[in-house]
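For reference, the structure is listed below as C-alpha cells.
No value in this document is a laboratory result; all are computed from the given coordinates. What you see is a predicted model; the values in this text were computed from it and never measured. All Cβ positions, even for glycine, are placed from backbone atoms using ideal geometry, and neighbour counts span all protein chains on display.
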Amino acid sequence: MKTKLFISLGVAACFALGSCSKEEASSADGSGSASGGPGAGFEGGSPLVTEIPKAVIEGSPRPKGMTNLAPETKAFPKFNVPEDATLLSKGKTVTSSDDFPIIGEVDMITDGEKEAGEGYFVELLDGLQWVQIDLEKSTPLYAIIVWHFHSQKRVYSDVIVQVSNDPEFKEGVTTLFNNDYDNSSELGKGSDQPYLETNFGLLVNAKATEAQYVRLYSKGNSTNELNHYIEVEVWGKGE
Amino acid sequence: MMDRREFLKRSSIASAGLVLGAPSALAQGGSKNGKINVALVGMGKQGRVLFEAMSNIPGLHFQAVCDIWDYNRKGGFGKVRALQGHEPNLYIDIEEMLEKEKDLDVAIIATPDFWHSPHTVQCLDAGLNVYCEKMMSNTIDGARDMVHAMERSGKLCQIGHQRRSNPRYTYTLDHLINHNKICGQIVNVNGQWNRAVSSSQDIQVNPKLSIDPERLKKYGFDNMHQFMNWRFYRDLSGGPISDLGAHQLDVFNWFLGCQPKSVYASGGNDFFTEREHFDNVMAIFEYDAPQGPVRAFYQVLTTTSSGGGFYESFMGTEGTVKISEMSSASAIYRENSAPSWEDLVKDGYLNKKPAPAPPPSSDGVASYESAAPEIFALPGELTKMPHQPHLENFFATVRGEETLNCDARHAFESEAPIFWVNPSALQKQRIVFEPSQLSV
C-alpha cells in the first residue's frame, strides 16, 4: 500500500442505502476519476446507462496526504457508446490471483449486485492482486466500470485495467487505465490519477479494443492493505 | 452515588485485586504453543475492525471463530488463514465452542449488544479472559452480571472503551488536566457525535446470503433486517446514545473522575420515524466534582453531520481542551486572562498553533465578545489503528505485564448513567440518581 492511513471507524456502525437507481449521466462533472476521464465516448452513439447504487458513506474522513487525487466524482460520466453496446460481463466466469478470497466469492464481481452493504463484496489478499473476467469470445469493448468498495472514501493503489485475447496476459495486452505512477507493481508506469471510490464507480474507455479477457489489478487501499471488488461491468459490441 | 474519591478508590482496588491475584492470567504454565490462544466471537464489521487491530500484535494464535452467520464465519476463517496460515476451528454456537475448545485463553467479543453480557459471562465462567466491545449490555442488569462474573471468576474483562488507552487522551488527562491544571476549574463539558442522514441508513444485506429463519429465531432475531440493524431495536441495544454516546460519556466520567448526580434528556424520532430508538438525543448531566459543580451537555444526532463529527470538550476558567480520536478535531484553547503557557510549550507539553486570522472589521457587536483564545495542538498522535493500544493493554495484562485500562467495574461505573438517558427522554423528566441506580 503506497499511502497507509488508519481511518477511525469509531464503532461498528456501518450503514448502507437501499436500492439502485438507473442512471445516465448528467454532466461532464463525473470524469471517470482519471486524468482527463474517459472522454465523451463514441461519436454518434448514445449515453451509456447503467444501474447506479445509492450513495453510502460511513462517515470516515477523506484520505489525507494525497495531493494528486482526481476530483471526486459527483455524477456518472456522460459517455456515449455505439447503439449495439450491451453488457457482456454479467454472469461470466471470474478468476483471481487469490485462489481463496478472504471474504465472499469472485463470482460476486459479475453478479449484477452493486450495493455497499454486507454480502456484496469480495475481499482479496494484500499486495498486488488481480481479477480476470472471461467474456467467452473476443469482441470490441467500449467501456469498463469498476466498483471496488464505495461505502468509505477510500483510494485503491495501483489500479490497472488491461484487456487481451491471451488468458495469461503475456501477449497482445492493452492497458486502458493505470495509476501506478511509480511503477511499483512493475506493469509499467501509469499516468492516470488515483481517485476516491464512489457509488458511480470508475468508468474506463475501452476504445473499441477487441478482447476476450479483462484483467483488473490493485494493491491495497487507503484504509487497509487488502483488495476489494463489488462489481465490474464490461460493455461491448453485442450479437 | 459515588464521588470522585470513592470512584478512584474503588477503581484502584478493583485493579489492584486483578494484579495481585493474577500475575499472569494465562492458564497454569501458559499455553502449549507459547502464544495466547484467542477465540473470535462475532466477526461482523466490528469484529473485523478488532481483528485488523490485533493482526499487528505479536504472540497471538487465533484458534476459533464463532458467528451465527455463515458469511461472517467464513470471512473470519479467511482472515485468520491469510494472517497466520492455519485454519481456525469454526463454530455457530458459543456453547459448543466452549465445550470443545479446552485450551483457549481469551475471547474477543464483538456480537450485538444484547449478547455481550451472556457471552461474556459464559466465557469468564469457562475460565477465559474477555475483551468485550462497549456498550457492556443493552440493560444495566446485564452489565452488572458482567462485573459479578469477572470478580467471581478472577479472570480479566476489558471493555472496549478504546480511548482509555489512546495516548492523546491519557497524556491530556494525566499531564495537562490533572498535573498542570491547564483548564483551571472545569465548569462545563460539551460533546457530540453527529452523523449525516446518508451515513445513518439501514444496512443492506445481500438476500442470497440470508440466515435460516430458525437459526435467526434461536439467537434472538426476528429477521435479517433485525440481524443487520440491531442498533435500531430497543430489545437488542440502547440506540445511538449507547452505541455512539457511550464512548464519549465514558470520557466525561473518566476525565471528571466521578459519576453525575442527575440527567435530563430529550429525544425523538425526528427523521427516521419508523425506528424504535430515538434518532436524535440530547442530554444534560450535572456533576458535583471535587473541584466544583460541572454541567455537561452531550448530543448524538443521526440526522446531520453538523458541528464537525465527534469530540469532547472540557471547558475551564483558564482553558478548554477539545479532544477527539481525530487529530483534526483536537486542540487546546487558552483563555486570554489565563497565566501564560509558554513554559509548557518550552517544556514540550504543548505545541502552539499559528495565531488565528484577525477578526473582520468591527461591526458594532465585536465589543461584546471575549478576546480570541490562543490555540495549541494536543500532543499524543496515534500512529496505530484506534483499537490497537487498548487491545495491547489487554493482552499485556493477560501476560501479567500491565493492568487493565478499563476493566468491567470501571466501565460499569462509567456506563451506568448512560442507561438512564433514554428513560429520562421517554419520561421527559430529570432523573436525580439514587446510589442504587449507578452501583453494581
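Shape class of region A:101-239 from the alpha-carbon gyration tensor: oblate, with a/c at 1.5 or above and b/c at least as large as a/b. In straight-distance terms, cross-link reach from B:Lys35 covers every one of the lysines whose alpha-carbon lies under 24 Å from its own, apart from those fewer than eight places away in the same chain; here that gives B:Lys74, B:Lys79, B:Lys100, B:Lys102, B:Lys155, B:Lys384. Rounded to whole numbers, the Karplus 3J(HN,Hα) couplings from phi for region A:86-100 are 9, 7, 8, 8, 4, x, 6, 5, 10, 10, 8, 5, 9, 5, 10 Hz, using 6.51 cos²θ - 1.76 cosθ + 1.60 with θ = phi - 60°, and x at Gly and Pro.
Look at the stretch B:192-201: the mean tally of other chain Cβ atoms within 10 Å of its residues' Cβ atoms is 5.
Taking label positions 7 Å along the Cα-Cβ direction at both B:Ser198 and A:Lys170, the computed distance is 4.7 nm, reported to one decimal. A Förster distance of 30 Å, applied to the separation of the beta-carbon atoms of A:Thr95 and A:Ala55, puts the FRET efficiency at 0.45. Using the alpha-carbon atoms, what tilt in degrees (0 to 90, nearest 10) does helix B:245-256 show relative to the longest principal axis of chain B? Around 60 degrees separate the two axes. When peptides A:152-159, B:335-342, A:231-238 are ranked by their average number of other Cβ atoms within 10 Å per residue, the highest-first order is A:152-159, A:231-238, B:335-342.
The simple Förster model, with R0 at 45 Å and r as the Cβ-Cβ distance, assigns B:Ile284 and B:Glu342 a FRET efficiency of 0.80. Of B:Ser242, B:Ser424, the sequence from fewest to most neighbouring Cβ atoms within 10 angstrom is B:Ser424, B:Ser242. A simple rule links phi to the HN-Hα coupling: the Karplus curve 6.51 cos²θ - 1.76 cosθ + 1.60 with θ = phi - 60°, which for region B:378-384 gives 7, x, x, 5, 8, 9, 10 Hz, with x for Gly and Pro.
Mean partner shielding of peptide A:117-124, defined as the number of other chain Cβ atoms within 10 Å of each residue Cβ, is 6. Let a ≥ b ≥ c be the square roots of the eigenvalues of the Cα gyration tensor of the protein assembly as shown; is it rounded (a/c under 1.5), or, if not, prolate (a/b larger than b/c) or oblate? Cα axes put the protein assembly as shown in the prolate bin. Averaging the Cα positions of each part gives two centres, and for region A:167-221 and region B:383-422 these lie 44 Å apart. Near B:Ile203, the amide H atoms lying under 5 Å from its own belong to A:Ala16; only residues 5 or more places off or on other chains count, and H is placed 1.01 Å from N. An oblate overall shape is assigned to region B:121-261, the ratio a/c of its alpha-carbon gyration tensor axes (a ≥ b ≥ c) being 1.5 or greater and a/b not exceeding b/c. With the convex hull drawn around the C-alpha atoms of chain B, the volume per residue stands at 164 Å³. Listing B:Leu438, B:Leu426, B:Leu301 from fewest to most neighbouring C-beta atoms within 10 Å gives B:Leu426, B:Leu438, B:Leu301.
The modelled label-to-label distance between B:Ser306 and B:Gln84, using points 7 Å beyond Cα along the C-beta direction, is 4.8 nm.
What the Cβ-Cβ distance of B:Gln429 and B:Glu274 gives, at R0 = 25 Å and to the nearest 0.05, is a FRET efficiency of 0.45. Working note: Karplus 6.51/-1.76/1.60 with θ = phi - 60° gives region B:404-420 the couplings 5, 7, 8, 6, 4, 6, 4, 4, 4, 4, 7, 7, 3, x, 5, 5, 9 Hz, where Gly and Pro are set to x. Relative contact order, whole percent, for region A:21-237 stands at 30, derived from Cα pairs under 8 Å and 6 or more residues apart.
Averaged over peptide B:46-59, the number of partner chain Cβ atoms lying within 10 Å of each residue's Cβ comes to 2. Among the lysines, which have Cα under 28 Å from the Cα of A:Lys170 when same-chain residues fewer than 8 positions away are ignored? Within the straight-line limit of under 28 Å, A:Lys170 reaches these lysines: A:Lys2, A:Lys90, A:Lys92, A:Lys137, A:Lys189, A:Lys207, A:Lys219, A:Lys237. Rg/Rh for region A:198-239 stands at 1.02; both radii use Cα atoms, and Rh follows the Kirkwood definition.
Note on B:Lys217 and B:Glu401: their simple-model spin labels are 4.9 nm apart, each label 7 Å out from Cα toward Cβ.
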